[in-house]
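> Supplied in structure tokens, the structure appears directly below.
The values are calculated or read from the model by the stated rules, or taken from the named source; none is laboratory data. What you see is a predicted model; the values in this text were computed from it and never measured. Here the Cβ positions follow ideal geometry from the backbone for every residue, glycine too, while neighbour counts run over all protein chains shown.
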Amino acid sequence: MRIGLPLVAGLALMAVAVSGCASGGVLAQQAPQSPRAEVERQGETLLVRYEMDRDAPVWAFWDSALISEVRQPWRPTQWTVMTPNVVLDRAGHYDILRTKDGSPVPRTVEFRVRPKGVNLEAEYPTLTFTNGAVALPTHQMSVFPMNSVADVTALPSDLNGVEMAVGPTQVSWRDQAGPVLFAGERRPYLITQNERSYVLMGDADVTRSEGLTAVLDPALPQWMSDTLAEAAPVTGQWYRQRLGQAAAGAEKPVLMAAWNGPTDRMTSMGGSVMPGLIVMNFEGQGIIQPTNAVRERALWFIAHEAAHFWLGQTVRYEYARDAWITEGGADLMAVRALKARDPSYDDKAELQTEIDDCVKYAGKPVAEAGARGEHRAYYACGAVFAMAAEGGQHSKTGGDFLDFIRPLIDANREDGVLTASEWLIHYAAQGGRMQVASLM
């Protein structure tokens, strides 16, 4: 998520549409195996070499988000195909590899990559640091085979529930300049497959303290570095007291923060969370000097991301269309965390902003917001749904949203999935005044 400062002020609760997933033309005639990729950093560029495990006319990339500002694919602007007859193209929601003549994609495909940090729609971006280091999401390299370009075009944007012929891509990571950094530790060589995290290549200062390992861009303003390093473990402890134990790694997370420079007339911060890892990205002249407004927004932001260790990782939504459960819930959890930390915090103003923003999407199904590029709806309208749930909880027990969500987290720890139906049933049981059907 990325937010400029100040937030744009601007609910009627809207319908959450339910849609199914189609399986498309995924190659399924062979037993699930795994393609392999080798990533080697060579100065300012990466050499990426794929070894496909089978012949296929098309290979598609799992992570194929669009650049937020322009809604265009990011990969073609950074990846150059080195293998003859192979084309990097787009089909439907996915970046793909195909051949010019329609023959099967070669088993070995090479790219020269020049990583750039861009803001993506609902996906983990590459992080670039001012000292030349780069951090890449591990899942960015995963590919899967398909029978045709048309079959890729027919795939839904959300592949949850779609049976794949392959497992996650096995990726090896090397840096000619030295060890890579993964999970806060330096390693001369790394192989990932099922992990969803970041691999950092290049120099980085690793600071360890009680409850946190911080990997911060050396050029990030010191006051912001200090704010993040202090707030992350304190916020995590407060959530732990309210919600119990979180997913593995949350006890002592890694915080990774990049700095894109003091761009004029800009104050921007973005973030995401993975198992045991909070990632943040800062940019703009407005962050150079500390102000109460920017500090408060940074505290809110890290509280939002930390909330995902519980609502997003301990339990996750079933389908991408249900992102309102985790994003809106984390928004309200962050508000409650800041209010507990500082009683003078103006929580009413923040919640009014959520309502105002959600009103902009009135009449449009929240479940289809991603396809429209309106990802803010998941946050703002999800927060309004969470406020409605909190209202019912308060009327029944005097509690807040964390009291509402904890039973749902506890009940779903084993399977790790919180469905929209489970959320709505619990909402009704806690005395929610809206008709459950009005959310469906």
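> Answer yes if at least one residue in region 174-190 is of a type in the set (S, T, Y), surrounded by 20 or more Cβ atoms within 10 Å (Cβ to Cβ) and touching a strand residue (DSSP E or B) at 6+ places or on another chain (Cβ under 7 Å), and no otherwise. Working first, answer last.
Residues of region 174-190 that are of a type in the set (S, T, Y), as a first pass: 189.
Of the ones still in play, those that are also surrounded by 20 or more Cβ atoms within 10 Å (Cβ to Cβ) are none.
Checking region 174-190: not a single residue is of a type in the set (S, T, Y), surrounded by 20 or more Cβ atoms within 10 Å (Cβ to Cβ) and touching a strand residue (DSSP E or B) at 6+ places or on another chain (Cβ under 7 Å).
> Separate question: Determine whether region 372-387 contains at least one residue that is under 16 Å from L243 (Cβ atoms) and either at pLDDT below 95 or surrounded by 14 or more Cβ atoms within 10 Å (Cβ to Cβ) (or both). Quick ask: steps written out before the conclusion?
Residues of region 372-387 that are under 16 Å from L243 (Cβ atoms), as a first pass: 386.
This time we only want the ones that are either at pLDDT below 95 or surrounded by 14 or more Cβ atoms within 10 Å (Cβ to Cβ) (or both), so: 386.
Yes: region 372-387 contains one or more residues that are under 16 Å from L243 (Cβ atoms) and either at pLDDT below 95 or surrounded by 14 or more Cβ atoms within 10 Å (Cβ to Cβ) (or both).
> Let me ask another. Scanning region 60-93 for residues that are within 19 Å of M146 (Cβ to Cβ) and of a type in the set (D, E, K, R), which turns out nearest to the chain's Cα centre (by Cα)?
Going through the qualifying residues, I end up with D63.
> For S148, are the conditions met, namely being farther than 19 Å from Y94 by Cα, at pLDDT 95 or above and either hydroxyl-bearing (S, T, Y) or touching a His at 6+ places or on another chain (Cβ under 9 Å) (or both)? Walk me through it before giving the result.
Numbers: farther than 19 Å from Y94 by Cα: no; at pLDDT 95 or above: yes; either hydroxyl-bearing (S, T, Y) or touching a His at 6+ places or on another chain (Cβ under 9 Å) (or both): yes.
No, not satisfied.
> Among the residues of region 105-117, are any crowded, with 21+ Cβ neighbours inside 10 Å and at pLDDT below 90? Full working, then the answer.
Taking region 105-117 and keeping what is crowded, with 21+ Cβ neighbours inside 10 Å, we get 105, 109, 111.
Subsequent filtering for residues that are at pLDDT below 90 retains none.
Checking region 105-117: not a single residue is crowded, with 21+ Cβ neighbours inside 10 Å and at pLDDT below 90.
> Can I ask one more? Can you tell me which of Q285, Q352 is modelled with pLDDT of 95 or more and surrounded by fewer than 16 Cβ atoms within 10 Å (Cβ to Cβ)? Please lay out each step first, then the result.
On the way: Q285 fails: modelled with pLDDT of 95 or more.
Going through Q285, Q352 in turn, just one is modelled with pLDDT of 95 or more and surrounded by fewer than 16 Cβ atoms within 10 Å (Cβ to Cβ): Q352.
> Determine, yes or no, whether Q72 is more than 18 Å from R107 (Cα to Cα) and modelled with pLDDT under 95. If you could, list the steps in order and put the result at the bottom.
Details: more than 18 Å from R107 (Cα to Cα): yes; modelled with pLDDT under 95: yes.
When the stated conditions are applied, Q72 passes them.
> Tell me, which strands (runs of 3 or more DSSP E) lie completely within region 70-176 with 2 or more residues that are closer than 16 Å to L47 by Cβ?
Filter on region 70-176 gives 79-81, 86-91, 108-113, 134-137, 170-175.
> Can you tell me which condition A232 does not meet? The list is (1) farther than 24 Å from M201 by Cβ; (2) at pLDDT 90 or above, and all the others hold.
Every listed condition holds for A232 apart from (1).
> From the list P125, P156, P137, P145, exactly one residue is under 17 Å from E38 (Cβ atoms) and crowded, with 16+ Cβ neighbours inside 10 Å. Which is it? Step through it out loud before you land on a result.
Numbers: P125 fails: under 17 Å from E38 (Cβ atoms); P156 fails: under 17 Å from E38 (Cβ atoms); P145 fails: under 17 Å from E38 (Cβ atoms).
Every option except P137 fails the conditions.
> Against the definition (farther than 22 Å from N281 by Cβ and surrounded by 15 or more Cβ atoms within 10 Å (Cβ to Cβ)), how does V162 come out, yes or no? If you could, list the steps in order and put the result at the bottom.
Details: farther than 22 Å from N281 by Cβ: yes; surrounded by 15 or more Cβ atoms within 10 Å (Cβ to Cβ): no.
No; evaluated as a whole, the condition is false for this residue.
> Give the residues of region 375-423 that are closer than 13 Å to C358 by Cα and either outside the structural domain of A330 (by TED's automatic domain parsing) or not hydroxyl-bearing (S, T, Y) (or both), sorted by residue number. Break it down stepwise before answering.
Taking region 375-423 first, the residues closer than 13 Å to C358 by Cα are 375-387.
Residues satisfying the conditions are H375, R376, A377, A380, C381, G382, A383, V384, F385, A386, M387.
> Please state which one of G312, G270 is of a type outside the set (S, T, N, Q) and closer than 24 Å to T207 by Cβ.
On the way: G312 fails: closer than 24 Å to T207 by Cβ.
The match here is G270.
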